[in-house]
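The values are calculated or read from the model by the stated rules, or taken from the named source; none is laboratory data. Small disclaimer: the values here were computed from a predicted structure and weren't measured. We place every Cβ from the backbone using ideal geometry, glycine too, and count neighbours over all the protein chains shown. Only protein heavy atoms, including side chains, enter the accessible area calculation; ligands, DNA and RNA are left aside. Shrake-Rupley method; radii C 1.70, N 1.55, O 1.52, S 1.80 Å.
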Amino acid sequence: MRFWLRNDEMALEEMVQRLNAVSKRTDEIMHHDISPLCAADIQDQLQKRFAYLSGGRGQDGSPVITFPDYPAFGDVPDKEFQNVMTYLTSIPSLQDAGIGFILVIDRRQDKWTSVKASILRIAASFPANLQLVLVLRPTGFFQRTLSDLAFRFNRDDFKMKVPVIMLSSVPELHSYIDKSQLTEDLGGTLDYCHSRWLCHRTAIESFALLVKQTAQMLQAFGTELAETELPNDVQSTSSVLRAHTEKKDRAKEDMRLALDEGRSVLESIREPLARGPEQSPNQDQLDSQSTVQRLLAQLSETEAAFDEFWAKHQRKLEQCLQLRHFEQDFREVKAALDVLAQKITTFTDVGNSLAHVQHLLKDLASFEEKSSAVTQRARTLALEGERLIELKHYAVDSIRPKCHELRQLCGQFAADVGRRRGLLGRALDLHGLLEASMKWCDEGIYLLASQPVDKCQAQDGAEAALQEVEKFLETRAENKIQELSKIYQDYEPILTRDLLEHVQKVFRKQESVEEMFHRRQASLKKLAAKQTRPVQPVAPRPEAPAKSPCPSPGIRRGSEIHSSEGSVLRRGPYRRARSEVSEGRQGRGRSTGDEESLAVLRRHVMNELLDTERVYVEELLCILEGYAAEMDNPLMTHLISTGLQNKKDVLFGNMEEIYHFHNRIFLRELENYIDCPELVGRCFLERMEQFQVYEKYCQNKPRSESLWRQCSDCPFFQECQKKLDHKLSLDSYLLKPVQRITKYQLLLKEMLKYSKSCEGAEDLQEALSSILGILKAVNDSMHLIAITGYEGNLSDLGKLLMQGSFSVWTDHKKGHTKVKDLARFKPMQRHLFLHEKAVLFCKKREENGEGYEKAPSYSFKQSLNMTAVGITENVKGDAKKFEIWYNAREEVYIVQAPTPEIKAAWVSEIRKVLTSQLQACREASQHRALEQSHSLPLPAPAGTSPSKGNTKDVRKLEERKTDPLTLEGYVGPAPLPRSPEKGRGWSKTSNPPEAPEDNDGWSSAEEPVNSSDAEEEGRAGLRKLVPGKYTVTGLDEKGGPDALVLRSGDEVELVQEGDEGLWFVRNVSSGGEGWLPARNLSALLGQRGAPGCLSSPESSAGSALLSASSSCSESCAAALADLQG
């Protein structure tokens, strides 16, 4: 920097000196250092032409100044005369002016007095040297004579140091000055035009001034450039360079114009000579040409000086810009290298398995590949800095340390990566050794388990087995861990606590397997040894008693006692004992072998789970980086079609959320179960809630598929696929999450198959059920989002419990009779969605298209609130049918399932919903009954909801409590029926015990009528009943002509509701039918609904008012018990 500042100051100083010299020389050329007057300043005075410099010269080269005949010469002011004389004498060169001027005074038409005055005035005011004064005296006789006499006597009065010669005629003048040096008015041939001379002088002096001003302007501009402080950033430096360049261009343009003007002046001076080549230029013209040429030379010198300075200044600015670029790139690269150095420090994991280490090596290679762009840029930048140093950049002291630092950082990063790769390489070797040892152990266990114990009892079988064992033991040298101490020493840098425990565990297992082999080897050697036993006759014996699974030690010891006495007697017990011992040993061997085989299979399943999980995570990352991230890359924007812009969330859904869950959480936790695969179910159970992310992904899949079909031919996808070197297109990878979530249940089934007797079997079963539940929820949600036409919010209906397609018949009390009759025979195809709060009826519509566009959609038709729903489980004639009825059978839907199993599942699920409502209603009823038992003489309705106007219901109860026949006033031990919500129809909630099976209805009605219905009932004074058997409690003559005359206590059955509170009933004992008022009917004591009767608590049709008495609780408990049974 100091070097550059010194050079810059020197360049400026050199230019200033050169430009000052130009200005000085310009003044010298124009004699402004002697006389600052210019023609433009005294142009009016020069135009009077009382004196002029014609350009003529005397014999010795003296300049000739001519004073033509000017009558008003005496009237010229002294100041003007002085200015003109000073200016004219300043024009010739100093050399010519030094010789002296010759004055030619033409007074031929004047008087002596004016001649005398002119001579005296010239003598007094002439500013330069005089060599000779020639006076053409008056031509008149008198004036000529007078002038001779007067001049002779008054010579001393002129006070001139040069001779003054009076001439009588022009010829006499020619004897002193050649005719070629005199103008035509003096009889000469010199071509002189005063106006032209004046124009040339003005142009020359103007050009000289322009040259001087240009030099001064460039000097100031150079000083400004040199004093400009250099910015510290690229943008400002570029702006300064651009601004200075623009100013330089303007200055160069001014110099070009000045040069053009000088050349134009020179041409104008040469023009007369070009027109008349026979005329030779006078000295004055030659001097003018020389003056202009010298001025042009000074202007060229000015331009050269500025160009030289600008070259240095421009180089300085360009080097400054290069430095700022270098510094900016250095900051960016250094920050990137710092990030890489920070990231490489996070690579501390050495892996917990061979596959994991391979995965880490892949990650490291991927990281190194991605970071290569940064390191390459750093090396390129270092080379650029070294190039600047070679080009003698002024900031060498600043550039060289940065280049050194860049190379040092790159080397450090490469060393860190190499060190990390070395550690992982050692970890790979160690895990390879451990897995080889584990594999050797597993194969050994499998070999031992697969050797049939019964065949080994024979000598040939024992020898074959012994050969297998010995052959297998020969392979242990290359597959086993030799010494733990050597492992500790060789792999000390990578031995974490967990890895050390794993090494020790493998070593212990290896020792255990070796011990098993040695024991087996010893046993087989004994069995393979040749044994000679005497052949002894064996007497027939009865069938052996039942064998004990474990022979007693006494028998075993007895079998070893041999004596000649009683050998035949002991032979039978001995052989039985030996047989039992063999079978016991064989059973234990087979059990151990089976368990080891299952352990090997579990390990295989676990390895498949981990391997596929790692591949899955890598594929997700590949898609997110290779496609999703590239959609935000500005360099790829031009490849993205209009329909694809801002649609990344639609195309990829929540794939990034799925990736983070698996990469950061699930994969790492799975790896913790590599040594205990039978417990992996716990990992699934702990993270089951986070698997819900797949439901969101699958719900978005139709939109993603649709967008892909629209934009699959977009060049963006082709370019990304080419970069990733994928053989399959993006849509195949977008299907990976759907495939993965279905893969888990298969792997869990396999693991459960081999872990039934293990500790984690229950967790595996629960995890499998949960995964299947998620799959069902995903499938249900895919159907749910296809519903169209539903105006409400589906989420308000609660959780979706089931969905499926059914044939549906309707049987509604409302509507035209023909429609109702036709509906009984023609089924409708409906897709039902069972929610916690409602069941939806939709019409399934198949769509044309491919992929998800081919999936069906569902047009919403009807919704039934579960608070007013009841079911009948069995319908006559078809085991696949059941009824869903609504509002006390005002609307009845006969539903036919595809199979009896599907029907049973639906009935069970609906029963659970209604049972939960019944339980909630019963609890609320008991709670309110306890609260009101001390304030009301009669119990309040058990199912009244606070939102249904409890205050009104209590007031009405108090008003009607004196009526012994109203439900509100009845306090018998059995629950009494309550009025239906609407005036027509009822729910079958109180069927008699002998009711046929096909009339089993399910309800959970425990809530009284709502406030509006109660008010309506109060106004009409009518009593609403539910179907069932009743007892006649009193008679009234209002029954009309068809009324039956019955005794109190007679049992009747309701048939149909009439008007004005009348009911058409059938006498159970006599079979007669007729009309009877509702107030004369009372429900049978002890009667309760059939076990399968459930309706909702808000269904007023067929609902019963549950009293606060103990019989209410018993009735509800009995219904629940029957339901659960």
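For region 284-302, the candidate set comprises residues that are more than 17 Å from GLU267 (Cβ to Cβ) and crowded, with 20+ Cβ neighbours inside 10 Å; within that set, the residue that is modelled with the lowest pLDDT is ASP284.
Count of region 157-170 residues, restricted to those that are at pLDDT 55 or above and open to solvent by 90 Å² or more (accessible area, probe 1.4 Å), is 1.
Which members of region 750-764 meet the condition of being closer than 17 Å to TYR673 by Cα and assigned to a helix (DSSP H, G or I)?
First pass over region 750-764, keeping only residues closer than 17 Å to TYR673 by Cα: 750-752, 754-755, 758-764.
GLU750, MET751, LEU752, ALA761, GLU762, ASP763, LEU764, listed by residue number.
When you scan region 195-212, do you find a residue that is over 21 Å from ALA40 (Cα atoms), open to solvent by 20 Å² or more (accessible area, probe 1.4 Å) and charged (D, E, K, R), even just one? No, region 195-212 contains no residue that is over 21 Å from ALA40 (Cα atoms), open to solvent by 20 Å² or more (accessible area, probe 1.4 Å) and charged (D, E, K, R). Taking (1) among the polar types (S, T, N, Q); (2) modelled with pLDDT of 90 or more; (3) in a strand (DSSP E or B) in turn, SER908 satisfies each apart from (3).
For region 474-494, filtering for residues that are at pLDDT 80 or above and crowded, with 16+ Cβ neighbours inside 10 Å leaves 3. Every condition in (1) assigned to a helix (DSSP H, G or I); (2) open to solvent by less than 40 Å² (accessible area, probe 1.4 Å); (3) within 30 Å of TYR673 (Cβ to Cβ) is met by GLN358 except one, and the failing one is (2).
Here ALA777 does not qualify as surrounded by 14 or more Cβ atoms within 10 Å (Cβ to Cβ), over 26 Å from SER859 (Cβ atoms) and of a type in the set (A, V, I, L, M, F, W, C).
For beta carbons closer than 7 Å, sequence separation of 6+ or different chains, a first residue in region 70-92 that is under 24 Å from LEU136 (Cβ atoms) and a second that is among the aromatic types (Phe, Trp, Tyr), the qualifying pairs are TYR70/PHE50; PHE73/PHE50; VAL76/PHE50; MET85/PHE126; THR89/PHE101.
Screening GLU184 on (1) surrounded by fewer than 18 Cβ atoms within 10 Å (Cβ to Cβ); (2) at pLDDT below 80; (3) among the acidic types (Asp, Glu) shows it passes everything except condition (2). Taking HIS404 as the residue in question, decide whether it is in a loop (DSSP other than H, G, I, E, B) and more than 27 Å from ILE494 (Cα to Cα). Criteria not met by HIS404.
How many residues does region 661-687 hold that are open to solvent by 20 Å² or more (accessible area, probe 1.4 Å) and over 20 Å from the mean Cα position of the chain (by Cα)? Explain how you work it out, then say what you get.
Of all residues in region 661-687, those open to solvent by 20 Å² or more (accessible area, probe 1.4 Å) come to 663-665, 668-669, 672-676, 678-679, 682, 685-687.
Keeping just the survivors that are over 20 Å from the mean Cα position of the chain (by Cα) gives 665, 668-669, 672-676, 678-679, 682, 685-687.
Selection size over region 661-687: 14.
Mind checking whether some residue in region 93-107 is modelled with pLDDT under 75, in a loop (DSSP other than H, G, I, E, B) and more than 19 Å from GLU184 (Cα to Cα)? Give the derivation first.
Keep residues of region 93-107 that are modelled with pLDDT under 75, which gives none.
No, the conditions are met nowhere in region 93-107.
Among the conditions (1) open to solvent by less than 30 Å² (accessible area, probe 1.4 Å); (2) modelled with pLDDT of 85 or more, the only one that ALA823 does not satisfy is (2).
Matching residues to (1) within 25 Å of ASN232 (Cβ to Cβ); (2) surrounded by fewer than 15 Cβ atoms within 10 Å (Cβ to Cβ); (3) within 36 Å of the chain's Cα centre (by Cα):
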| position | (1), (2), (3) |
| --- | --- |
| GLU405 | yes, no, yes |
| GLN408 | yes, yes, yes |
| LEU424 | no, no, yes |
| LEU428 | no, no, yes |
| GLY432 | no, yes, no |
| CYS441 | no, no, no |
| GLN451 | no, no, no |
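The single condition among (1) open to solvent by less than 70 Å² (accessible area, probe 1.4 Å); (2) under 22 Å from GLU625 (Cα atoms) that ALA761 does not meet is (2).
Would you check if there is a residue in region 124-137 being in a helix (DSSP H, G or I), among the hydrophobic types (A, V, I, L, M, F, W, C), over 60 Å from the mean Cα position of the chain (by Cα) and modelled with pLDDT under 85? Within region 124-137, one or more residues are in a helix (DSSP H, G or I), among the hydrophobic types (A, V, I, L, M, F, W, C), over 60 Å from the mean Cα position of the chain (by Cα) and modelled with pLDDT under 85. Within region 111-133, being β-branched (Val, Ile, Thr) and more than 20 Å from GLY56 (Cβ to Cβ) holds for THR113, VAL115, ILE119. Taken over region 115-133, the residue count meeting the criterion of being surrounded by fewer than 16 Cβ atoms within 10 Å (Cβ to Cβ) and of a type in the set (A, V, I, L, M) is 3. Taken together, the criteria place ALA258 among residues that are surrounded by 19 or more Cβ atoms within 10 Å (Cβ to Cβ), of a type in the set (A, V, I, L, M) and assigned to a helix (DSSP H, G or I). Quickly run through region 377-401 and pick out the residues that are among the aliphatic types (A, V, I, L, M) and part of a helix (DSSP H, G or I). Answer for region 377-401, where residues must be among the aliphatic types (A, V, I, L, M) and part of a helix (DSSP H, G or I): ALA378, LEU381, ALA382, LEU383, LEU388, ILE389, VAL396, ILE399. Scanning region 726-749 for residues that are over 22 Å from MET688 (Cβ atoms) and in a helix (DSSP H, G or I) returns LEU730, ASP731, SER732, TYR733, LEU734. The residues of region 1040-1099 that are at pLDDT 60 or above and β-branched (Val, Ile, Thr), listed by number, are VAL1052, VAL1055, VAL1065, VAL1068.
The rows are residues; the columns are (1) modelled with pLDDT of 85 or more; (2) open to solvent by less than 10 Å² (accessible area, probe 1.4 Å); (3) in a helix (DSSP H, G or I).
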{"site": "ASP41", "(1), (2), (3)": "no, no, no"}
{"site": "GLY56", "(1), (2), (3)": "yes, yes, no"}
{"site": "ASN83", "(1), (2), (3)": "yes, no, yes"}
{"site": "THR86", "(1), (2), (3)": "yes, no, yes"}
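For region 549-661, the helices (runs of 4 or more DSSP H) that sit wholly inside it and include 3 or more residues that are at pLDDT 85 or above are 567-623, 648-652, 655-661.
Residues that are open to solvent by less than 40 Å² (accessible area, probe 1.4 Å) and assigned to a helix (DSSP H, G or I) were ranked within region 261-283; the one that is modelled with the lowest pLDDT is LEU273.
Set side by side, the residues GLN213, GLN314, GLN235 differ, and just one is polar (S, T, N, Q) and within 30 Å of CYS193 (Cβ to Cβ), which is GLN213. Within region 624-660, the residues that satisfy the criterion of being open to solvent by 10 Å² or more (accessible area, probe 1.4 Å) and under 30 Å from ARG602 (Cβ atoms) are TYR659, HIS660. The set of residues from region 45-54 being in contact (Cβ under 8 Å) with a residue 60 or more places away in the chain and either in contact with an Asp or Glu (Cβ under 8 Å, 6 or more places away or on another chain) or open to solvent by 10 Å² or more (accessible area, probe 1.4 Å) (or both) comprises GLN47, ARG49, LEU53, SER54.
Can you tell me which of (1) at pLDDT below 75; (2) open to solvent by less than 40 Å² (accessible area, probe 1.4 Å); (3) not β-branched (Val, Ile, Thr) is the one PHE142 doesn't meet? Result: PHE142 fails condition (2) only.
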